[in-house]
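For reference, the structure discussed in these notes is given below.
The values are calculated or read from the model by the stated rules, or taken from the named source; none is laboratory data. Computed from a prediction, not measured in an experiment: that's the story for all the values here. All Cβ positions, glycine included, derive from the backbone under ideal geometry; neighbour counts span all protein chains shown. Surface accessibility is based on the protein's heavy atoms, side chains included, excluding ligands, DNA and RNA. Shrake-Rupley method; radii C 1.70, N 1.55, O 1.52, S 1.80 Å.
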Amino acid sequence: MNISGKPSVVADVDFSLKDPKSWVETASCIRKFRDRRARLSSRFLSPTAPAVRMMAYLFVSGEDLTPVRQPNSPYYYAYKGFSNTASATMVAEALANKGWLERSFFERYYKCAGCQSHRLTVREECPACRSPQLAEADLIHHYSCAQLSPEAEFRRGTALICPKCSKQLRHYGKDYDKPGQIQVCARCKNTTSEPVIGFLCQDCGMHVTGDAVSVADVFSYSLSNQSTALLSNDGEDINRFPIAQLRYLPEELQKKIAQLSSLTGAASDFTLAEVQYDCRDHVLKTRGESDFIAMRKLLADNLQGILGEVASVYSSREREYVLFFGCDESGFTAYLKEALDHAESVLSDKLNPTLLVLWGTREKALS
């Protein structure tokens, strides 16, 4: 509840003593929270972990975690109920990766590589010096000598004199024509018909070219059906693998997890990790998709050979997954990182594989 007297996009309700209408809205909001909190499982009435607090809040509020426009934020958006956009996004993404929240695309921004701000100015720039100080100019084509230049290079007072052959151009359509326009850079005088796109961060001043700028997709999040059941039922098993997560996994891995954790009972102790490739974009750009896929396959084969019967490696179209049959998540991830380094060492280029744990031990199921 916001009692500052100034409207807030992240508050559940704005209350003001001077506005009787806000009294009614505040009372209605309090009643809704009270009624829904009465339906919350006793296990979640006093949550301490940020992830559990977020899930409990979404249940009690009865609303999705949806971005709201906030122009004074460096991200241009905020999440209702959460004052820190960066940490709320991190927690929501972790829950979505583990299947407790469902993602829905909201918006796409470009972000600064330096300060992560989304406040970037998009502009056309000179391809030679990257200045945005471009001006359109008419092109003149002199028929007799085939000279093609901006009109300013022909202009001599009120006359048009060809800079190549020095003849005066008198009759449009007979001596010359104007086939189009071109961009002229005021800084370096370079001319171009195809300016490039550049981005300038309004918070830190960092410049980045259009082909190197990073994309930031923003999502809204909702509780999965399994999360709702978990939050509202004291008898629901907290250690059951989230059903929503299964559909993102390779079919063979889905079957294996279904065997390890009967979806009506508690999950067996296992760790599921996703392998991500930090150098993916670089390899695709320099080597091409076929080489990237071949390198992934070789890494996966090497990794399975190193892990042996300790874990199984599964591949989807985009990435690899490692299923470890045991409950020592911290010990396994340290071992797996070392195994990844060995598996990558024979590759012709670096993929820089990193780990994202999707499911850990029972004690960490929601953390």
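Listed values, structure above:
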quantity: Listed residues SER224, PRO47, GLY81: farthest to the positive end of the dipole of the chain (Cβ charges); calculated: GLY81
quantity: Coordinate range along principal axes, alpha carbons of the stretch 155-210, Å, largest first; calculated: 52, 20, 18
quantity: By average C-beta atoms within 10 angstrom, highest first, the peptides 30-40, 140-150; calculated: 140-150, 30-40
quantity: Mean separation of Cα contacts under 8 Å, 6 or more apart, over the residue count of the chain: relative contact order %; calculated: 16
quantity: Across LYS256/LYS350; LYS255/LYS285; LYS98/LYS297; LYS111/LYS297; LYS255/LYS350; LYS80/LYS256, pairs whose alpha-carbon gap is larger than 27 Å; calculated: LYS256/LYS350; LYS255/LYS285; LYS111/LYS297; LYS255/LYS350; LYS80/LYS256
quantity: Alpha carbon convex hull of the stretch 51-96, projected area averaged over orientations, nm²; calculated: 3.0
quantity: With Cα atoms, 0 to 90° folded angle of helix 329-344 axis to the chain main axis; calculated: 40
quantity: Alpha-carbon Rg with Dmax, taken over the chain, Å; calculated: 29.7, 94
quantity: Accessible area per residue, Å², the chain with all protein chains present, probe 1.4 Å; calculated: 54
quantity: Tilt relative to the chain, helix 251-260 - C-alpha long axis, 0 to 90 degrees, to 10; calculated: 20
quantity: Solvent-accessible area, 1.4 Å probe, carbon plus sulfur percent, for the chain; calculated: 50
quantity: The stretch 67-189 - convex hull of the alpha-carbon atoms, volume per residue in Å³; calculated: 195
quantity: Relative packing of peptides 311-319, 96-104 - highest average C-beta neighbours within 10 Å first; calculated: 96-104, 311-319
